1. Suppose we keep only residues that are of a type in the set (Ser, Thr, Tyr) and part of a strand (DSSP E or B) within the stretch 53-111. Which one would you say is farthest from Asp210 (Cα to Cα)?
2. With the condition kept exactly as written, say whether any residue in the stretch 359-375 is of a type outside the set (A, V, I, L, M), closer than 30 Å to Thr246 by Cα, assigned by TED's automatic domain parsing to the domain that holds Val234 and touching a His at 6+ places or on another chain (Cβ under 6 Å).
3. Taking Ala356 as meeting all but one of (1) touching a strand residue (DSSP E or B) at 6+ places or on another chain (Cβ under 7 Å); (2) outside any helix (DSSP H, G or I); (3) over 30 Å from Leu780 (Cα atoms), write down the number of the exception.
4. Quick check: is even one residue across the stretch 145-166 over 25 Å from Lys88 (Cα atoms), part of a strand (DSSP E or B) and either in contact with a helix residue (DSSP H, G or I) (Cβ under 9 Å, 6 or more places away or on another chain) or at pLDDT 95 or above (or both)?
5. Would you point out the residue of the stretch 343-363, among those that are surrounded by 17 or more Cβ atoms within 10 Å (Cβ to Cβ) and of a type in the set (D, E, K, R), that is nearest to Asp399 (Cα to Cα)?
6. Six or more apart or on different chains, Cβ under 7 Å: which pairs go from a residue in the stretch 477-506 that's modelled with pLDDT under 95 to one that's crowded, with 18+ Cβ neighbours inside 10 Å and of a type in the set (S, T, N, Q)? Could you list them?
7. Go through the stretch 244-272 and count every residue that is surrounded by fewer than 23 Cβ atoms within 10 Å (Cβ to Cβ), in a strand (DSSP E or B) and in contact with a Pro (Cβ under 8 Å, 6 or more places away or on another chain).
8. For the list (1) modelled with pLDDT of 95 or more; (2) more than 22 Å from the chain's Cα centre (by Cα); (3) under 25 Å from His391 (Cα atoms), I need the number of the one condition that Arg304 fails.
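The values are calculated or read from the model by the stated rules, or taken from the named source; none is laboratory data. Predicted model only: the values in this text are computed from it and were never measured. Reconstructed Cβ throughout: ideal geometry from the backbone, glycine too, with neighbour counts over all protein chains shown.
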Amino acid sequence: ERWLLLPRRGIHILDPNRHDSSKMGFLVKGKPLSWKESDKVREYVKKHGVEQFIHIWKKNKDREDLDFLWGDEVEGFLCQLTEKEGKKAIKLSLRGSEVLEKLKEAEKEETEKAEEKAGCGTCPPSVIFHPEYGCFMIETTPSAPYGGFVRDLRCVEANMRLRRAKVKEHLKTGEVYSTMTTYPLMGVDKFTLPPHDPNGPVAKSQYVPDQLINPHPRFATLTANIRTRRGSKVDIRVPMFKDKNTPPADTEIHMDAMAFGMGCCCLQTTFLARNLEEARSLYDHLAVLGPIMLALTAATPLYRGRVADTDVRWSVISQSVDDRTPEERGEVPEAKEKALKKSRYDSISLFIADAANAYFKDKYNDLNVKFDKEAFDRMRKEGLDEILAKHIAHLWIRDPLVIYQSRVELDDTKDVDHFENIQSTNWQSVRFKPPPNSDIGWRVEFRTMEVQLTDFENAAFTVFIALVSRAILAFALNLYIPISKVDDNMHTAHKRDAVTSHKFHWRQDLGSTISQHMLKKNGGTTVTNPLKSTSGSNNGGLKASGFMRSIIEVKESEFRDDTLDNFCRVKADNRFVLVYGELDEKGESWCPGCSRALPIVEAKLKSFQSSTALLKLPVSMKLFKDNEKHPYRIQERLNIQSIPTLIRVGAKGIFDTPLASKWCTDTFCVNQYMAYSAAKRLRGGSTKALLKEDSKGNDSISETTIKKIMLGQGGSEPLGLIPIVHAYLDMIECDSETRKVVNGYLDLIADRASGKLMTAATWIRRYVELHPEYKKDSKLNEPLVHDLMNTLDR
């Protein structure tokens, strides 16, 4: 069973030394400096953060990661439900830190036992729990990344169910762990358990107490420093839903603390890219998808005991950490040159694909983006290209918010704290994540999705975005639209019922190597040729998608490549030859030299032109090397995890399934020339991008519904993302068991897009509207929210 590439167990791709939380950055032991105390070292930290990135870039700019690894993060919160003598009550439970400690104790034992049993290609054996901003919150992730096996797609929901079950094991009677985005009564009266008063010294909020902030000193420091730098409390305003009995004066929901935003729960995914170029391209395309997925996952219609006229959390979080000064917010006319358009939590402002990307055009970066000129010049001097240097320099217009007293003077060649200090507190819709000083490569984090009410939904959207990310690369899709239109889409995504009632800017020509006639009505594909690969572009092909084409069964035969004078013998009984590579420029053979080197296998290869490497069973591999007689052969027994190593040297190998009785002396002698050529093509090849533009030379971009974005135009361009995912699944020959599961996920998303199924936000609205406690005045009370949370828990 094979999807893209083999996983490496024992590392985590979400964040280095995963002791932090996704939104909050590193949780370091030590004393953080107050804003005043950090005055003397902020510029030092910024300067050395740039030096640390330069070192990372130089060390990893040519790095290749042949494994496809990915992961998810799901956040939830605790609340306590009670009912005495018919009186229903609910409180936000502040036991998150206590429950987390119990989970970590159990996690250590269970993970060790599970990893002893876990073999290559298995689902992550356990789970990991992390702290978040609120001490009522718990974040969960798989204990190891998902890998490139098709069956990993089936692991996601099972792992999410396991996480929820483990949290529930440590809850008290009446306590609920919910994956709802917000606690609806946050900021209403004494809403916490135990109860606390607002107006604490950290947040100075009139609505929420400081005691709900995670006890780690980083969180309180972050809260206080944002407020101090800003010069006032944060000012969050959301339009209120106007119902029949809503008072005319009630037009907004007001909130005044970071907890209202960073107390929101999210669903995030992270993908390991093959290399720097792929990470940059994927970053751009996922940024375009960000608003679409935000609207599809809409789940946040309730704040501070009120019903909002918006459906998603994004702008609330953005306002909750907006540390811009009055000058930076544009409130001082004589200081317009200092104005910054966005909060440090917002959608991206720059695409970052390199100049070799045939789809990217400078005109797409149509925002006037401010950047740190000194940081930019320093990076350009060290060899960074203009686009990437500008991206980092744009992040550097922000100040570091939390500096640890003991972590100021560091070795820039070994530590990344100063870089991560600013990088991790630029909370954008997509995050470009350079390799830290560990066994992790270039990654892209997708951050816009709202957490869903059920594990099935969370798994559906996690798997969908993973498959879309692969389809973008495999089919060389072009999703580019101007950044300003991405921003417009983000605003549209906030609107009530945006999925079915509003339109989004979308590219009409996706520039793909897959065309409409390849798609069947049932979502299948009639692809007869795999993607070709030509040099000069970083879009598509084997290099980008990472999957191997076929495992070919061959009969015992003997043949010779007279040109290279290499004798090759293959014997097969339950054995398979793994072939890397693809059709050549003429479409005649799979690998350079394949028609000469493997004439007997050639016919078999052609019959598998639309296939992908699918390993039905765990296998072992071995190649032989006799240094004296055959310097190009490798003599060692290898397990399945070694395939990426073989790809790096371009080796071909013989597989021995568990059904085979013994290895004997059967060998597959590698043609070194062919192997080298294939490896070179794998590393350097990619599908050439062909942009189709109208006669005026303008990109074809128009406003369209999410239904059409997801399902297509019914036989015309553009193709829908769901049919494209189906085509991708067909091309990789997804097994029937996995396909059944994934089809269920895709059906959910298709029904959401078409309006057949409600978003979580719409469902919650309907529940509130129909509840007998609701007075049509846009207000919530404890009995109503008690019943809502009780229903969701069931």
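1. This residue is Thr82.
2. no
3. Failing condition for Ala356: (1).
4. Scanning the stretch 145-166 turns up at least one residue that is over 25 Å from Lys88 (Cα atoms), part of a strand (DSSP E or B) and either in contact with a helix residue (DSSP H, G or I) (Cβ under 9 Å, 6 or more places away or on another chain) or at pLDDT 95 or above (or both).
5. Among residues in the stretch 343-363 that are surrounded by 17 or more Cβ atoms within 10 Å (Cβ to Cβ) and of a type in the set (D, E, K, R), the one nearest to Asp399 (Cα to Cα) is Arg344.
6. Hits for this filter: Leu477/Ser512.
7. 1
8. So Arg304 meets the others, but not (3).
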